[in-house]
Amino acid sequence: MIPPIADRFVAGESPATALAHAASLDDGGVNAILNLLGEHYRDRRDADADADAYVSLLADIATTDLDARVSVKPSQIGVSVSEDVFRENLLRIVDAAADSDVFCWVDMEDHATTDVTLDVVERAAETHPGRVGVALQANLRRTAGDLERLADVPAAVRLVKGAYDEPASVAYTDKAAVNEQYRAGLDYLFAHYDDGEVAVGSHDPAMIDHAKTLAAEHGTDFEFQMLMGVREDAQFALAEEYAVAQYVPYGGKWLQYFYRRVAERRENLVFAARAVLS
């Protein structure tokens with residue numbers, strides 16, 4: 001049994017419970033991005049098993065009328081084993097997603113995995129243009145260059161502030177600086193990316209308002225992406241006018257997910273506490 005404090009952020013342990021949650025979101029005009037919990041595998045058997053589980057989930061989504069997507073963590077499908085294993089498993093998942101007419105997102109983890117993640121996402125986008133997207137973290141000093149790198153790649157970008165506690169040598173650590181970089185990243189995305197390639201991953205009202213202003217200025221189609229359990233009333237309110245997707249984790253590894261998200265940075269603990277109290 002998932003306790004209430006974690007149940008708010010995790011849609012059960014099985015694909016069935018995740019799809020049921022996705023259906024409830026669909027009733028309110030919000031799409032679901034399903035993420036099977038699991039990360040930091042160093043054994044290929046574990047990575048392959050979760051890749052198999054994603055392929056099965058994609059087949060399940062294809063049997064529904066839901067506009068659901070999936071989102072995969074690199075360390076879940078082999079990046080900590082080898083680049084070859086990660087590439088093989090991600091391309092296998094993207095192939096299955098394309099067969100099921102489902103969009104596939106790739107999460108971004110700590111800075112040490114950024115290069116290999118972008119390399120493999122570019123490869124997947126060549127094979128299935130317009131069917132894959134990747135998260136970029138505004139707190140990393142390299143992200144402005146990565147936004148330029150991906151501008152001509154047929155892949156979508158989800159811009160987030162960044163949840164990992166990165167060293168100052170590679171990341172902006174001051175909150176005001178991260179906010180400044182996030183705004184600049186949104187400016188670039190809306191000005192240089194095509195319709196459907198921009199995802200605003202933020203719960204910050206100031207950034208949400210900035211995205212609305214940019215959309216009106218540039219006419220770029222985009223969507224907001226938010227986490228399950230956080231400002232859900234705001235998600236449904238936004239969905240009355242804008243495209244909104246909720247990131248929906250599920251699976252048996254919910255305790256590791258919840259603990260790691262809270263433990264990674266002090267700000268995450270404050271964020272989770274505010275979400276529960278609200």
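The values are calculated or read from the model by the stated rules, or taken from the named source; none is laboratory data. As the structure is a computational prediction, the values presented were derived from the model and not from experiment. Cβ placement follows ideal geometry from the backbone for every residue including glycine, while neighbour counts extend to all protein chains displayed. The area values use the complete protein model at the heavy-atom level, side chains included, leaving out ligands, DNA and RNA. Shrake-Rupley method; radii C 1.70, N 1.55, O 1.52, S 1.80 Å.
Under a straight-distance cross-link criterion of Cα-Cα below 16 Å, which lysines are reachable from Lys73, leaving out those fewer than 8 residues away in the same chain?
Lys73 reaches Lys253.
Just the accessible area per residue of the chain, please: how many Å² with a 1.4 Å probe?
44
Given H placed 1.01 Å from N in the peptide plane, which residues other than close sequence neighbours of Val106 have an amide H under 5 Å from its amide H?
Distant-sequence amide H within range of Val106: Val72, Gly133, Val134, Ala135.
Roughly how many debye, to the nearest 20, is the charge dipole of the stretch 77-221 about its Cα centre, given +1 on each Lys and Arg Cβ, -1 on each Asp and Glu Cβ, and no other charges?
280
Amide H to amide H under 5 Å from Leu227: which residues, 5+ apart in sequence or cross-chain, H placed 1.01 Å off N in plane?
Tyr247
Per residue of the chain, what 222 nm ellipticity follows from adding -39500 (n - 2.57) for every DSSP H run with n ≥ 4, rounded to the nearest 500?
Mean residue ellipticity, 222 nm, calculated: -15500 deg cm²/dmol.
If contacts are Cα pairs under 8 angstrom and at least 6 residues apart, what is the relative contact order of the chain in percent?
Reported relative contact order: 23 percent.
Ignoring everything but the protein chains, give the 1.4 Å probe accessible area of Trp254 in square angstrom, nearest 10.
Per-residue accessible area (Trp254): approximately 40 Å².
For Leu186, Leu255, give the ranking by accessible area with the largest first, probe 1.4 Å.
Reading off the accessible areas and sorting them downward yields Leu255, Leu186.
Mind ranking Ser75, Ser169 by accessible surface for me, highest first, 1.4 Å probe?
From most accessible down to least: Ser169, Ser75.
Given the chain, what percent of its DSSP beta bridges are antiparallel, to the nearest 5?
If we restrict to bridges inside the chain, about 5 percent are antiparallel.
Collect residues whose amide H, placed 1.01 Å from N in the peptide plane, falls under 5 Å from the amide H of Val198; neighbours closer than 5 in sequence don't count.
Val157, Glu223
Note the full-extension length gain between Ala206 and Ala177 as 0.36 nm times their separation in residues minus their Cα-Cα distance, in nm to one decimal.
9.0 nm
What translational diffusion coefficient, to the nearest whole µm²/s, does the chain have by Stokes-Einstein, given a Kirkwood radius computed over alpha-carbon pairs, a temperature of 37 °C and 0.692 mPa s viscosity?
Translational diffusion coefficient: 175 µm²/s.
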